[in-house]
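Take a look at the structure set out below.
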Amino acid sequence: MEEETLNPLTSEQGNNDDQSMPDLSDQDLSSSDSDSDSDSGSEDGDDQAHQNLQLQTLEAELSTNPANYDTHVQYIKILRQMADIEKLRQAREAMNQLFPLTPSMWQDWAKDEASLSTGSDAFCAIEKLYERGVFEYLSISLWCDYLDFVKENDPSVRECSPAGISKARDLFERALTAAGLHVSEGNKLWEAYRSFEQAIFHTIDEKDNQAREKQIQRVRSLFHRQLSVPQVNMRSTLLDYKAWEVERGNILDAGSSDLDGISFQVASAYKKALEMYDARVHLEEQICLQDMSDSERLQNFMKYLRFEQSSGDPARVQTLYERAITAFPISSYLWLDYTRYLDKTLKVGNVITNVYSRAVMNCPCVGELWVRYMLSLERGHASEKEIASVFEKSLLCTLTLDEYLDLYLTRVDGLRRRISCAVEGEHGLEYSLIRETFQNASDYLSAYLKNTDGLLRLHAYWARLELNLHKDQLAARGVWETLLKLCGSMLEAWQGYIAMETELGHVNEARALYRRCYSKRFPGTGSEDICHSWLRFEREFGSLDDFDHAVQKVTPCLEELELFRSQQESKLIEESPLKKNARDKRKQVSDIPNEQHPAKRQKDAAQKPKKAHGKDSEVVNSVEQTNVEKIKATGDQPDTENEQQMKERVPEKRKVYADQCTVFVSNINLKANDEHLRQFFSDVGGVVAVRILHDKFTGKSRGLAYVDFSDDAHLVAAVAKNKQMLLGKKLSIARSDPKHGKKEHARGAESNDSAEASNAPRARQGQQSTYNRGSDNVQLKGRNTFATPRNILALGRSTNKPTTEKQDDEKPKSNDEFRNMFLKG
């Protein structure tokens, strides 16, 4: 009887030992652990040669690609079947250096070690394995195995010594903290804890009433705590509690389903927990469904998480995150969401640091997790050694260039803060650490980020720290010079260097930089910007001679740039589809045959000379004349429909440029794209197309664009946005003005009708005569017809008038007679 009271803990959990691992020398590990994922492998009938061949193949693959997760898993399975315990240990350790192990893999490892070793040393080693396992993922079964192992194999716990009982209680409390709020499985931990305390009660001497009463209160407290937590089988827990109280003589009706006989506080907490469980039961069912895809299940987890977050209990939210992480360990979205929540609610502490360390183990190729991990360590006042270690590990992962840049900058940020505000109890850091970090970043990233904003940002930050933190102007200039060698075609690099010299008051150094770069070809409007910037600089800092010298230097450059831009704009207009359509319309109009009657054409040719009218007027006139002839010949009405169509087609050509609802936008930020401009004009609406002009050599934006609108109303509204800001630059917006010659052509075409109406008097007033003698050619215009040779009519006079007898008898006038006529006039 005494032996039974000394070992009450092992007898309570005997049902968990029916699958103990036999000795590995039996080479039957997989059959002894058939319920584990890692026990599936080759069939028992595979011979040793086949296993060795598999082993060699896997070892060769791991040597070339050690980051292959599946190969590690297969390798461990083969080694378990072969019972090679030393290689098996090494394989597990090697895998855990790169990846977290699943809860089932930790269970297999602990059971394999427990089946081989005994003694205090083996117990400590296996206990450490369990600790590593419960740290990586939340698993109720792993916690239960851990608790059973300690109760059965720790001598102090098995003998119920005060130290052993205290150790076991601490372990149970840790298990409840980690998974006690688990809705569907957390009750297993509560029941195991109660069983342990009840077993302790039976070991207490019946005469020690004080100790027994104290232990009764411990068990009662566990019941009360569990009844206040929403979990499955809550009614069963309530009935167990009432039955236990009946044994103590406190409640008479243990089988009733109501809360009679239970204290008001306990009943109230139970009702509240039951309501919470009812609100979550449908969410629990959704995440536990088997016939759904992983994406659907993850979405159900996220829905459940948002519900818990709205409830405002961080402990419940964290437990649910841990459950989701166990189900989706390599979901970067889930880890980012989890750590973001912890950063918002906890800020600092070991909990958040531990979560980040697990996050980067599961998703090592997510740079944002590494960056936030380092920031979390800094908030928690971690040592420089620990932060440096995390930073070095992050650089070994496969990340994008932007992520590497962000890591380097985050590392520099932390070093700068620690140098500026030294942490108590920590030796002051040297600035050389910052310089070394910048240099390493530049060496690694320069080849990939040449002529990019990222490299500019890195060197600008470096130069600023050299100047302000280390107080070394020469080093700062050296940083800028290094950048110019890498990114000499970036306007921003020159501007940053010049700005530093200007802020320091180094006018001559800044002027020297302007002289080095003003003639360079920068993308977009950069070349113009640097020229104008130099002029502003000399106006504000230089003498008049300096300003005149700058004007003399930049003027040819600005003129050349303006000429080049005009040529490009003209070329763009000529190549635009709108011009092509206009050309096609003109071609269609000019191709219409003239259906004028032959007799009518002969009569017109005899009555008046041809006039320099446009083709459109000829077409319209021909249609009108043809209709007149039809009326005379047939007596029918003119073809008004055909005439109207022709009159409509002629003005259509004249509307080509009037209907071009396009604005010309300049001074655009070189980073802007089509979407930025569409967003800028979104309040105006009516945007049809956006055409950003690009440099034909570099392919980069020139800072110029054409934006087409659906109608003139939208265009006017767009022009009204002139001088508004986009991406830090003030845009210049104007209505697109086509080529001047095209405007003149359009105006000339529109004035044909009025010109025809006034043609006759203008011909009489603008008479001209030509006199040829030898090789001389004299033109006399206006009213100077008195000098016309005798018997020669002036040009423009009609020759079709019938000659009269008076004209035939008229004698030529002498010079004196002409002179007298002139004086009298």
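What to note about this one:
- Test: G249 is without any contact (Cβ under 8 Å) to a residue 60 or more places away in the chain and either touching a Leu at 6+ places or on another chain (Cβ under 9 Å) or surrounded by 13 or more Cβ atoms within 10 Å (Cβ to Cβ) (or both): no
- The condition of being under 26 Å from the mean Cα position of the chain (by Cα) and open to solvent by 40 Å² or more (accessible area, probe 1.4 Å) holds for only one of E503, E492, that being E492.
- Taken over the stretch 93-105, the criterion of being open to solvent by 10 Å² or more (accessible area, probe 1.4 Å) and without any contact (Cβ under 8 Å) to a residue 40 or more places away in the chain is satisfied by E93, A94, N96, Q97, L98.
- Members of the stretch 478-489 that are open to solvent by 30 Å² or more (accessible area, probe 1.4 Å) and within 17 Å of G454 (Cα to Cα): E481, T482, K485, L486, S489
- Selected residue [open to solvent by less than 40 Å² (accessible area, probe 1.4 Å) and among the hydroxyl-bearing types (S, T, Y)] from S566, S543, S533: S533
- Subset of the stretch 169-214 (residues that are of a type in the set (K, R) and open to solvent by 60 Å² or more (accessible area, probe 1.4 Å)): R174, K188, K207, K214
- Residue-level check: of (1) in contact with a helix residue (DSSP H, G or I) (Cβ under 8 Å, 6 or more places away or on another chain); (2) closer than 30 Å to E322 by Cβ; (3) part of a helix (DSSP H, G or I), V229 misses just (3).
- In the stretch 551-564 there is no residue matching the filter, namely being part of a loop (DSSP other than H, G, I, E, B) and closer than 18 Å to R702 by Cβ.
- Considering the conditions (1) part of a loop (DSSP other than H, G, I, E, B); (2) surrounded by 18 or more Cβ atoms within 10 Å (Cβ to Cβ); (3) out of contact with any strand residue (DSSP E or B) (no Cβ under 6 Å at 6 or more places or on another chain); (4) not basic (K, R), S519 is excluded by exactly one of them, (2).
- Residues of the stretch 412-426 satisfying the condition of being of a type outside the set (A, V, I, L, M, F, W, C) and open to solvent by 50 Å² or more (accessible area, probe 1.4 Å): R416, R417, S420, E424, G425, E426
- Taking the stretch 709-727 as the range and being at positive phi and either in a helix (DSSP H, G or I) or basic (K, R) (or both) as the test, only K723 passes.
Quick grid of which residues meet (1) over 30 Å from A168 (Cα atoms); (2) touching a Ser or Thr at 6+ places or on another chain (Cβ under 6 Å); (3) modelled with pLDDT under 50:
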{"position": "S11", "(1), (2), (3)": "no, no, yes"}
{"position": "M21", "(1), (2), (3)": "no, yes, yes"}
{"position": "D37", "(1), (2), (3)": "no, yes, yes"}
{"position": "S42", "(1), (2), (3)": "yes, no, yes"}
{"position": "D47", "(1), (2), (3)": "yes, no, no"}
{"position": "A60", "(1), (2), (3)": "yes, no, no"}
{"position": "I78", "(1), (2), (3)": "yes, no, no"}
{"position": "E86", "(1), (2), (3)": "yes, no, no"}
{"position": "A91", "(1), (2), (3)": "yes, no, no"}
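- Residue check, E308 charged (D, E, K, R), part of a helix (DSSP H, G or I) and open to solvent by less than 20 Å² (accessible area, probe 1.4 Å): yes
- Cβ-Cβ contacts under 8 Å between residues 6 or more apart (or on different chains), taken from a first residue in the stretch 490-512 that is at positive phi to a second residue that is assigned to a helix (DSSP H, G or I), are absent.
- Verdict on S156 being of a type in the set (G, A, S), open to solvent by 20 Å² or more (accessible area, probe 1.4 Å) and in the same structural domain as F196 (by the TED database): yes
- Residue within the stretch 238-254 that is within 26 Å of K188 (Cβ to Cβ), touching a helix residue (DSSP H, G or I) at 6+ places or on another chain (Cβ under 8 Å), of a type in the set (D, E, K, R) and not in a helix (DSSP H, G or I) present: yes
- Among all residues of the stretch 331-340, there is at least one that is part of a helix (DSSP H, G or I), β-branched (V, I, T) and within 21 Å of S139 (Cβ to Cβ).
- Test: residue in the stretch 732-739 that is in a helix (DSSP H, G or I), surrounded by fewer than 19 Cβ atoms within 10 Å (Cβ to Cβ) and at pLDDT below 85: no
- Some residue of the stretch 461-477 being open to solvent by 20 Å² or more (accessible area, probe 1.4 Å), farther than 30 Å from V412 by Cα and in a helix (DSSP H, G or I): no
- Just one residue in the set A122, A110, A168 is among the small types (G, A, S) and closer than 21 Å to Q198 by Cβ; that residue is A168.
- Considering the stretch 69-162, the qualifying helices (runs of 4 or more DSSP H), each wholly inside and each with 2 or more residues that are over 49 Å from the mean Cα position of the chain (by Cα), run over 103-116, 120-136, 140-153, 155-158.
The values are calculated or read from the model by the stated rules, or taken from the named source; none is laboratory data. Every value quoted in this text rests on a predicted model; they were computed, and no experiment measured them. In this analysis, Cβ positions are derived from the backbone assuming ideal geometry, glycine residues included, and neighbour counts consider all displayed protein chains. For accessibility, only protein heavy atoms count, side chains too; no ligands or nucleic acids. Shrake-Rupley method; radii C 1.70, N 1.55, O 1.52, S 1.80 Å.
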